[in-house]
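Only one structure is covered here, and it is reproduced in the block below.
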Amino acid sequence: MTVSTPRRAVLIAAVAALAASLAVGVTTAAQAATTLGASAAEKGRYFGTAVAANRLGDSAYTTILNREFNQITPENEMKTDATEPNQNQFSYGNADRIVAHARANGMQVRGHTLAWHAQQPRWMESLSGTALRNAMLNHVTQVATHFRGQIAWWDVVNEAFADGSSGARRDSNLQRTGNDWIEAAFRAARAADPNAQLCYNDYNTDNWTDAKTQGVYRMVQDFKQRGVPIDCVGFQSHFTGGSNYPSNYRTTLSSFAALGVDVHITELDIRNAPADAYRNVTNDCLAVPRCKGITVWGIRDSDSWRSGESPLLFNGSGQKKAAYDAVLAALNSGTTPPTSPPPGTTPPPAGNCTASATPGQVWGDRYNTSVTVSGGSNWSVVVTLTSPQRVSTTWNGTPSWDSSGTVMTMRANGSGNTFGFTTMTNGNSSARPQITSCTAS
């Protein structure tokens, strides 16, 4: 068919316009994300915020909420005093309102919290022993059942460990019902909402060397070994003058993740919102594949429980602060994490073995790691370090290194299926060794 000149001109113009529109589309798709939630989602994570039901009528508040975040945690509306003000009389109005807002805007919800020594209604504070234990378990069951299918993660138990140097459980009315109360709460939550991820959540657990951090670590390790249903650990990360961002924060996240749980930064706020600290926290999460996301504890400084310290990403007028820019840039620079294997673990190929790393004691300039091998006796495990870290001591195996000194191959020497080593940080205290292969015959 012959095309006339006018029609040919129209077709050429149409093709040019289509090409231009496609070019614009490609350029737009390649551009960096412009909001926190969108950028985090590109990396397989969330970036969320705590939300108060009484602020959902504030259009300035909800404009930022809906634009920037893809996850919500109710600030107080799911706590015991709010959801069961009188025994066996449950009240979900404000919590339902927050969940409905999240679902209408495509946001995930973190349930916070099912069992906590604080913000208990007076009727619960008056109970003890078996009566309190049964009331706590009934509360967990009823609330988790009400929200079943709507909650991505539950903070099943909140703040059960004591501050200080003991690394022990907090003395509370719940703790006095028996040391297994946390386990009982997790089992009840699993039965009530089988598809939700179940988390333990606490503050002042950011520094890997702190006794409280180690106490929580030992509990999670024990739960995983005994099959108690725990899926994740939340780090509140309320950084202040007495609890600043620690240089080993990434070590803490990766060490817990190596136990086979996800890690979440659940209540982040930092006094005066220093851009570097916010950037570091974001980068630390991005560096740990099992770090699922970050939640800041409020939107604007005026919404914060620490409003006098200006700790958030938006000022009281809703304007972005330098810390916001630092977080968004860090998110946009991050990479999508692998879905498997979990850090510190190698998948077991047919006929081969599995090696699982467990962090050990930490000193100022070095730390220990133990590795357990299953699936064979004549095994060989390859461990990769991050330069300039180096292994200084090994036990229960025969090591060899590549020319860089950062790749160690440990072979069985008849001392069993567990070996260990000491790593000198040499100025890099954030990285942890990674197991890259395990073979056995």
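The values are calculated or read from the model by the stated rules, or taken from the named source; none is laboratory data. As the structure is a prediction and not an experimental result, all values here were calculated from the model. Here the Cβ is made from the backbone with ideal geometry for all residues, glycine too, and neighbour counts use every protein chain on show. The protein model used for the area step is the full one, side chains on, heavy atoms only, and it has no ligands, DNA or RNA in it. Shrake-Rupley method; radii C 1.70, N 1.55, O 1.52, S 1.80 Å.
Look at ARG290 and say whether it is farther than 20 Å from ASN428 by Cβ and in contact with a Pro (Cβ under 7 Å, 6 or more places away or on another chain).
It is true that ARG290 is farther than 20 Å from ASN428 by Cβ and in contact with a Pro (Cβ under 7 Å, 6 or more places away or on another chain).
Can you tell me which residue is farthest from ARG190 (Cα to Cα) among those in segment 120-137 that are open to solvent by 50 Å² or more (accessible area, probe 1.4 Å) and among the polar types (S, T, N, Q)?
SER126
Looking at (1) among the polar types (S, T, N, Q); (2) within 23 Å of ALA330 (Cβ to Cβ); (3) at pLDDT 95 or above; (4) exposed (fewer than 10 other Cβ atoms within 10 Å of the Cβ), which is the only condition GLN31 fails?
For GLN31, the failing item is (3).
Scan the strands (runs of 3 or more DSSP E) fully inside segment 153-249 and keep the ones with 1 or more residues being open to solvent by 10 Å² or more (accessible area, probe 1.4 Å) and within 21 Å of GLN142 (Cβ to Cβ).
Fully inside segment 153-249 and qualifying: 153-158, 197-202.
Of the conditions (1) open to solvent by less than 50 Å² (accessible area, probe 1.4 Å); (2) under 30 Å from GLU68 (Cβ atoms), ARG148 clears all except one; give me its number.
(1)
Would you check which residues across segment 376-398 are over 34 Å from the mean Cα position of the chain (by Cα) and assigned to a strand (DSSP E or B) and list them?
If the condition is that a residue be over 34 Å from the mean Cα position of the chain (by Cα) and assigned to a strand (DSSP E or B), then THR398 is the only one that fits.
How many residues are of a type in the set (Gly, Ala, Ser), over 27 Å from ASN66 (Cβ atoms) and open to solvent by 10 Å² or more (accessible area, probe 1.4 Å) when one looks only at segment 100-119?
Residues flagged as of a type in the set (Gly, Ala, Ser), over 27 Å from ASN66 (Cβ atoms) and open to solvent by 10 Å² or more (accessible area, probe 1.4 Å) within segment 100-119 amount to 1.
SER310 is checked against (1) on the phi < 0 side of the Ramachandran plot; (2) open to solvent by 30 Å² or more (accessible area, probe 1.4 Å) and fails just one. What number does that condition carry?
(1)
Suppose we filter segment 293-315 for residues that are touching a Gly at 6+ places or on another chain (Cβ under 6 Å), in a helix (DSSP H, G or I) and polar (S, T, N, Q); how many remain?
Result for segment 293-315: 1.
Keeping to segment 97-140, report how many residues are in a helix (DSSP H, G or I) and under 21 Å from PHE47 (Cα atoms).
Residues meeting the conditions: 8.
In segment 34-76, how many are farther than 21 Å from GLN150 by Cα, of a type in the set (S, T, N, Q) and either open to solvent by less than 10 Å² (accessible area, probe 1.4 Å) or assigned to a loop (DSSP other than H, G, I, E, B) (or both)?
Qualifying residue count, segment 34-76: 3.
Would you point out which residue out of THR409, THR384, THR358 is farther than 29 Å from ASN283 by Cβ and modelled with pLDDT of 75 or more?
After ruling out the rest, the residue left standing is THR409.
Checking the structure you have, find out if any residue of segment 77-85 is surrounded by fewer than 16 Cβ atoms within 10 Å (Cβ to Cβ) and farther than 21 Å from ASP303 by Cα.
yes
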